[in-house]
Amino acid sequence: MPDQDIFSCISEPRLVARKFLARPQHEGVGAVVRRSIGRFELKYFDPFLVLDEFSVTAPAGFPDHPHRGFETVTYMLQGAVTHEDFEGHKGTIEAGDLQWMTAGRGLVHSEMPAAQGTQKGLQLWINLASKHKMIEPRYQEMLSKDIAETMIDGIKVRVIAGEALGIKSPIYTRTPTMYLDFTLKPGAHLQQLIPKSWNAFVYILEGEGVFGNQKSQPVTSHHILLLGPGDGLEAWNKSSKVLRFILVGGEPLGEPVVPFGPFVMNTQEEIDQTIDDFENYTNGFEKARHWRSESAISLDY
(Lines give C-alpha, C1' and ligand atoms only; values in the text may rest on other atoms or scores of the structure.)
Protein backbone atom coordinates (compact mmCIF):
# COMPACT_ATOMS: atom_id res chain seq x y z
CA MET A 1 0.00 0.00 0.00
CA PRO A 2 1.30 3.53 -0.79
CA ASP A 3 2.30 5.72 2.12
CA GLN A 4 -0.73 7.84 3.09
CA ASP A 5 1.59 10.82 3.60
CA ILE A 6 2.60 10.56 -0.06
CA PHE A 7 -0.87 10.00 -1.54
CA SER A 8 -2.72 12.31 0.81
CA CYS A 9 -6.50 12.06 0.90
CA ILE A 10 -8.39 14.89 -0.75
CA SER A 11 -11.65 15.85 0.94
CA GLU A 12 -12.76 18.44 -1.65
CA PRO A 13 -11.43 17.74 -5.16
CA ARG A 14 -11.03 20.78 -7.36
CA LEU A 15 -13.17 20.65 -10.49
CA VAL A 16 -12.33 22.29 -13.82
CA ALA A 17 -13.89 25.77 -13.75
CA ARG A 18 -12.71 26.99 -17.18
CA LYS A 19 -10.88 25.47 -20.13
CA PHE A 20 -9.03 27.10 -23.04
CA LEU A 21 -7.04 25.83 -26.00
CA ALA A 22 -3.78 27.77 -26.35
CA ARG A 23 -3.48 28.61 -30.04
CA PRO A 24 -0.19 29.55 -31.74
CA GLN A 25 0.71 33.23 -32.10
CA HIS A 26 3.86 35.15 -33.01
CA GLU A 27 6.02 36.70 -30.30
CA GLY A 28 9.54 38.13 -30.07
CA VAL A 29 11.35 38.00 -33.42
CA GLY A 30 10.01 35.08 -35.46
CA ALA A 31 9.15 32.92 -32.44
CA VAL A 32 5.84 31.10 -32.01
CA VAL A 33 4.11 30.75 -28.64
CA ARG A 34 0.92 29.13 -27.41
CA ARG A 35 -0.20 31.67 -24.80
CA SER A 36 -2.77 30.44 -22.31
CA ILE A 37 -2.50 33.10 -19.58
CA GLY A 38 -2.05 36.72 -20.62
CA ARG A 39 -4.45 36.55 -23.58
CA PHE A 40 -7.71 38.39 -24.08
CA GLU A 41 -9.87 35.64 -22.51
CA LEU A 42 -7.59 35.35 -19.48
CA LYS A 43 -5.52 38.46 -18.89
CA TYR A 44 -4.48 37.53 -15.34
CA PHE A 45 -4.90 34.56 -13.01
CA ASP A 46 -3.55 35.93 -9.73
CA PRO A 47 -0.57 35.66 -9.20
CA PHE A 48 0.15 34.38 -12.75
CA LEU A 49 0.63 36.93 -15.53
CA VAL A 50 1.66 34.85 -18.56
CA LEU A 51 2.08 31.21 -19.52
CA ASP A 52 3.70 30.55 -22.90
CA GLU A 53 4.56 27.24 -24.52
CA PHE A 54 7.23 28.50 -26.91
CA SER A 55 8.77 27.14 -30.07
CA VAL A 56 11.75 28.88 -31.64
CA THR A 57 14.25 28.09 -34.37
CA ALA A 58 17.34 30.22 -35.12
CA PRO A 59 17.69 33.00 -36.12
CA ALA A 60 14.32 33.69 -34.45
CA GLY A 61 14.25 34.32 -30.72
CA PHE A 62 13.73 36.86 -27.98
CA PRO A 63 16.46 39.50 -28.43
CA ASP A 64 17.35 42.25 -25.94
CA HIS A 65 14.32 43.33 -23.89
CA PRO A 66 13.65 44.67 -20.36
CA HIS A 67 11.59 43.45 -17.40
CA ARG A 68 10.48 44.92 -14.09
CA GLY A 69 8.12 43.89 -11.32
CA PHE A 70 7.77 40.10 -11.61
CA GLU A 71 9.53 36.75 -12.04
CA THR A 72 10.02 34.61 -15.15
CA VAL A 73 10.29 30.83 -14.88
CA THR A 74 11.75 29.11 -17.95
CA TYR A 75 11.52 25.31 -18.13
CA MET A 76 13.05 23.71 -21.22
CA LEU A 77 11.33 20.77 -22.91
CA GLN A 78 13.51 20.36 -26.04
CA GLY A 79 16.73 21.87 -27.36
CA ALA A 80 18.53 24.72 -25.61
CA VAL A 81 18.32 28.49 -25.08
CA THR A 82 21.14 30.88 -24.18
CA HIS A 83 20.34 33.65 -21.75
CA GLU A 84 22.42 36.81 -21.35
CA ASP A 85 21.79 40.00 -19.36
CA PHE A 86 23.33 43.44 -18.84
CA GLU A 87 24.86 42.39 -15.49
CA GLY A 88 27.07 39.86 -17.30
CA HIS A 89 25.04 36.83 -16.27
CA LYS A 90 25.12 34.32 -19.12
CA GLY A 91 24.27 30.65 -19.46
CA THR A 92 22.54 27.98 -21.50
CA ILE A 93 19.59 25.95 -20.31
CA GLU A 94 18.93 22.63 -22.02
CA ALA A 95 16.04 20.15 -22.06
CA GLY A 96 14.82 19.56 -18.50
CA ASP A 97 16.75 22.52 -17.06
CA LEU A 98 15.17 25.36 -15.11
CA GLN A 99 15.82 29.09 -14.76
CA TRP A 100 13.86 31.02 -12.13
CA MET A 101 14.60 34.71 -12.70
CA THR A 102 13.44 37.46 -10.36
CA ALA A 103 13.49 40.64 -12.46
CA GLY A 104 12.67 42.85 -9.49
CA ARG A 105 13.63 46.49 -10.03
CA GLY A 106 14.76 45.76 -13.56
CA LEU A 107 17.09 44.10 -16.00
CA VAL A 108 17.59 43.79 -19.74
CA HIS A 109 18.30 40.38 -21.23
CA SER A 110 18.07 38.19 -24.32
CA GLU A 111 16.89 34.60 -24.79
CA MET A 112 18.08 33.00 -28.03
CA PRO A 113 18.30 29.47 -29.51
CA ALA A 114 21.50 27.63 -28.64
CA ALA A 115 21.05 24.45 -30.67
CA GLN A 116 20.07 23.25 -34.11
CA GLY A 117 16.43 22.62 -34.90
CA THR A 118 13.49 23.77 -32.83
CA GLN A 119 13.79 24.75 -29.18
CA LYS A 120 10.69 24.21 -27.04
CA GLY A 121 9.82 25.10 -23.48
CA LEU A 122 7.50 26.82 -21.06
CA GLN A 123 7.78 30.32 -19.67
CA LEU A 124 5.65 31.37 -16.72
CA TRP A 125 5.47 34.95 -15.42
CA ILE A 126 4.70 35.21 -11.70
CA ASN A 127 3.70 38.56 -10.24
CA LEU A 128 5.53 40.04 -7.26
CA ALA A 129 3.83 41.79 -4.37
CA SER A 130 4.20 45.56 -4.34
CA LYS A 131 6.72 45.34 -1.49
CA HIS A 132 8.97 43.08 -3.62
CA LYS A 133 8.69 44.73 -7.04
CA MET A 134 11.82 46.84 -6.60
CA ILE A 135 14.13 44.22 -5.06
CA GLU A 136 17.47 43.40 -6.67
CA PRO A 137 17.36 40.91 -9.56
CA ARG A 138 18.15 37.30 -8.68
CA TYR A 139 18.58 33.96 -10.44
CA GLN A 140 17.92 30.41 -9.33
CA GLU A 141 19.06 27.85 -11.89
CA MET A 142 18.91 24.06 -11.81
CA LEU A 143 20.20 21.46 -14.21
CA SER A 144 17.79 18.68 -15.16
CA LYS A 145 19.78 16.12 -13.14
CA ASP A 146 19.38 18.22 -9.99
CA ILE A 147 15.60 18.63 -10.14
CA ALA A 148 13.85 16.47 -7.52
CA GLU A 149 12.14 13.54 -9.24
CA THR A 150 10.43 10.31 -8.20
CA MET A 151 8.07 7.68 -9.58
CA ILE A 152 5.35 5.83 -7.66
CA ASP A 153 2.50 3.66 -8.96
CA GLY A 154 2.83 4.78 -12.58
CA ILE A 155 3.17 8.46 -11.67
CA LYS A 156 6.40 10.36 -12.28
CA VAL A 157 6.80 13.84 -10.90
CA ARG A 158 9.51 16.47 -11.34
CA VAL A 159 9.19 19.03 -8.56
CA ILE A 160 10.11 22.44 -9.96
CA ALA A 161 8.72 24.26 -6.92
CA GLY A 162 6.85 23.08 -3.83
CA GLU A 163 6.50 19.40 -2.96
CA ALA A 164 4.79 16.24 -4.20
CA LEU A 165 4.93 12.47 -3.59
CA GLY A 166 7.23 12.95 -0.61
CA ILE A 167 9.91 15.07 -2.31
CA LYS A 168 10.55 18.81 -2.21
CA SER A 169 12.21 21.44 -4.40
CA PRO A 170 14.89 23.76 -2.97
CA ILE A 171 13.67 26.66 -5.14
CA TYR A 172 12.67 29.71 -3.09
CA THR A 173 9.37 31.22 -4.21
CA ARG A 174 8.95 34.82 -3.09
CA THR A 175 5.33 34.58 -4.18
CA PRO A 176 4.36 31.18 -2.67
CA THR A 177 4.12 28.81 -5.66
CA MET A 178 3.95 25.12 -6.56
CA TYR A 179 5.09 23.92 -10.01
CA LEU A 180 4.89 20.19 -10.66
CA ASP A 181 5.62 18.28 -13.89
CA PHE A 182 3.60 15.05 -13.85
CA THR A 183 3.77 12.08 -16.23
CA LEU A 184 1.07 9.42 -15.78
CA LYS A 185 1.27 5.99 -17.36
CA PRO A 186 -1.95 4.47 -18.76
CA GLY A 187 -4.28 3.57 -15.89
CA ALA A 188 -2.57 5.85 -13.34
CA HIS A 189 -4.60 7.92 -10.86
CA LEU A 190 -3.14 10.99 -9.14
CA GLN A 191 -4.22 12.78 -5.99
CA GLN A 192 -2.26 15.95 -5.22
CA LEU A 193 -2.97 18.38 -2.40
CA ILE A 194 -3.16 22.11 -3.19
CA PRO A 195 -3.48 24.80 -0.49
CA LYS A 196 -7.15 25.80 -0.31
CA SER A 197 -6.54 29.54 -0.60
CA TRP A 198 -4.39 29.25 -3.75
CA ASN A 199 -5.32 29.59 -7.40
CA ALA A 200 -4.24 26.61 -9.49
CA PHE A 201 -4.24 25.42 -13.08
CA VAL A 202 -3.24 22.46 -15.25
CA TYR A 203 -1.54 22.76 -18.64
CA ILE A 204 -1.41 19.60 -20.74
CA LEU A 205 1.81 18.91 -22.64
CA GLU A 206 1.20 15.45 -24.07
CA GLY A 207 -1.61 12.92 -24.33
CA GLU A 208 -5.06 13.28 -22.84
CA GLY A 209 -6.36 13.12 -19.30
CA VAL A 210 -9.42 13.31 -17.10
CA PHE A 211 -9.30 15.97 -14.41
CA GLY A 212 -11.41 16.76 -11.33
CA ASN A 213 -14.17 14.24 -11.92
CA GLN A 214 -13.51 10.85 -13.44
CA LYS A 215 -16.78 11.04 -15.39
CA SER A 216 -15.74 14.23 -17.18
CA GLN A 217 -14.55 14.23 -20.78
CA PRO A 218 -10.82 13.75 -21.50
CA VAL A 219 -8.84 16.89 -22.32
CA THR A 220 -5.99 16.94 -24.85
CA SER A 221 -2.62 18.72 -25.14
CA HIS A 222 -2.22 22.51 -25.32
CA HIS A 223 -5.28 23.08 -23.12
CA ILE A 224 -5.17 25.05 -19.88
CA LEU A 225 -7.61 24.07 -17.14
CA LEU A 226 -8.39 26.59 -14.42
CA LEU A 227 -9.29 24.72 -11.26
CA GLY A 228 -12.13 25.71 -8.95
CA PRO A 229 -12.10 25.70 -5.14
CA GLY A 230 -11.00 22.69 -3.13
CA ASP A 231 -8.01 21.14 -1.40
CA GLY A 232 -6.47 19.13 -4.22
CA LEU A 233 -6.47 17.74 -7.74
CA GLU A 234 -7.47 14.30 -8.93
CA ALA A 235 -6.36 13.20 -12.41
CA TRP A 236 -6.72 9.96 -14.35
CA ASN A 237 -5.02 8.62 -17.45
CA LYS A 238 -7.69 6.44 -19.04
CA SER A 239 -5.96 6.36 -22.43
CA SER A 240 -3.43 3.91 -23.86
CA LYS A 241 -0.70 6.57 -24.12
CA VAL A 242 1.36 8.60 -21.67
CA LEU A 243 -0.20 11.75 -20.16
CA ARG A 244 2.08 14.65 -19.25
CA PHE A 245 0.97 17.93 -17.70
CA ILE A 246 2.09 20.64 -15.32
CA LEU A 247 0.15 21.54 -12.19
CA VAL A 248 0.85 25.08 -11.03
CA GLY A 249 -0.60 26.85 -8.00
CA GLY A 250 0.10 30.11 -6.26
CA GLU A 251 -1.07 32.32 -3.42
CA PRO A 252 -3.11 35.24 -4.82
CA LEU A 253 -1.67 38.67 -4.11
CA GLY A 254 -4.97 40.53 -4.28
CA GLU A 255 -3.32 43.74 -5.48
CA PRO A 256 -3.99 46.02 -8.47
CA VAL A 257 -2.15 44.96 -11.63
CA VAL A 258 -1.06 47.48 -14.27
CA PRO A 259 0.92 45.84 -17.08
CA PHE A 260 2.72 47.58 -19.91
CA GLY A 261 4.49 45.06 -22.14
CA PRO A 262 7.46 43.73 -20.16
CA PHE A 263 6.71 45.87 -17.09
CA VAL A 264 4.13 44.97 -14.42
CA MET A 265 3.45 47.39 -11.57
CA ASN A 266 0.53 48.35 -9.29
CA THR A 267 -0.35 51.83 -10.60
CA GLN A 268 -0.15 53.80 -13.84
CA GLU A 269 2.17 56.26 -12.09
CA GLU A 270 4.60 53.40 -11.37
CA ILE A 271 4.43 52.32 -15.02
CA ASP A 272 5.14 55.89 -16.15
CA GLN A 273 8.13 56.00 -13.78
CA THR A 274 9.37 52.64 -15.06
CA ILE A 275 9.24 53.83 -18.68
CA ASP A 276 11.09 56.98 -17.66
CA ASP A 277 13.71 54.93 -15.78
CA PHE A 278 14.23 52.64 -18.77
CA GLU A 279 14.43 55.44 -21.34
CA ASN A 280 16.85 57.44 -19.18
CA TYR A 281 18.93 54.47 -17.90
CA THR A 282 18.21 55.16 -14.23
CA ASN A 283 16.93 53.42 -11.09
CA GLY A 284 18.09 49.91 -12.02
CA PHE A 285 18.55 50.31 -15.77
CA GLU A 286 21.89 52.16 -15.68
CA LYS A 287 23.84 49.37 -17.40
CA ALA A 288 21.40 49.24 -20.32
CA ARG A 289 22.93 52.43 -21.79
CA HIS A 290 26.03 50.72 -23.23
CA TRP A 291 24.93 47.08 -23.34
CA ARG A 292 23.96 44.84 -26.23
CA SER A 293 23.88 41.06 -26.05
CA GLU A 294 26.36 39.03 -28.05
CA SER A 295 23.50 37.56 -30.07
CA ALA A 296 22.17 41.04 -30.90
CA ILE A 297 25.59 42.13 -32.09
CA SER A 298 26.16 39.01 -34.17
CA LEU A 299 22.67 39.07 -35.72
CA ASP A 300 22.54 42.87 -35.92
CA TYR A 301 19.22 43.14 -34.08
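The values are calculated or read from the model by the stated rules, or taken from the named source; none is laboratory data. Everything numeric here is computed off the predicted structure, so don't read it as measured data. All Cβ positions, even for glycine, are placed from backbone atoms using ideal geometry, and neighbour counts span all protein chains on display. Ligands, DNA and RNA are excluded from the accessible area calculation, which covers all protein heavy atoms including side chains. Shrake-Rupley method; radii C 1.70, N 1.55, O 1.52, S 1.80 Å.
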For Asp231, the net charge from surrounding residues (Cβ-Cβ under 14 Å; K, R +1; D, E -1) works out to 0
Treating only Lys and Arg (+1) and Asp and Glu (-1) as charged, each at its beta carbon, one finds that region 22-250 has a dipole about its Cα centre, in Debye to the nearest 20, of 500
Straight-line reach check, Lys120, cutoff 17 Å on alpha carbons, 8 or more apart in-chain or any other chain, hits among aspartates and glutamates -> Glu27, Asp52, Glu53, Glu94, Asp97, Glu111, Asp181, Glu206
Using alpha carbon centers only, region 157-179 is separated from region 110-136 by a whole-angstrom value of 18
So the carbon and sulfur contribution to the accessible area of the chain, 1.4 Å probe, in percent, is 51
When the charge dipole of region 22-250 is computed with +1 at the Cβ of Lys and Arg and -1 at the Cβ of Asp and Glu, the Cα pointing farthest to the positive end, of Ala31, Thr102, Gln192, is that of Gln192
Cα-based Rg/(2.2 N^0.38 Å) for region 210-295, rounded to two decimals, is 1.79
Taking a probe of 1.4 Å and leaving out DNA, RNA and ligands, the chain shows per residue an accessible area in Å² of 44
So the angle from the long Cα axis of helix 268-279 to the longest Cα principal axis of the chain, reported in degrees to the nearest 10, equals 50
Amide H contacts under 5 Å for Leu49, restricted to residues at least 5 apart in sequence or on another chain and with H modeled in the peptide plane, are Trp125, Ile126, Asn127
Under the Karplus relation with 6.51, -1.76 and 1.60 and θ = phi - 60°, whole-Hz ³J(HN,Hα) for region 222-237, x at Gly and Pro, equal 6, 9, 9, 10, 7, 8, x, x, x, 10, x, 10, 10, 9, 10, 9
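Taking the chain, how much of its Cα-Cα pair set, in percent, is spaced more than 23 angstrom apart?
On the way: 25256 of 45150 pairs.
So the pairs more than 23 Å apart make up 56 percent of the total in the chain.
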Quick calc, region 1-149, dipole around Cα centre from Cβ unit charges on Lys, Arg (+) and Asp, Glu (-), nearest 20 debye, gives 680
Note, Gln140: beta-carbon cut-off 14 Å, +1 each Lys/Arg, -1 each Asp/Glu, net -3
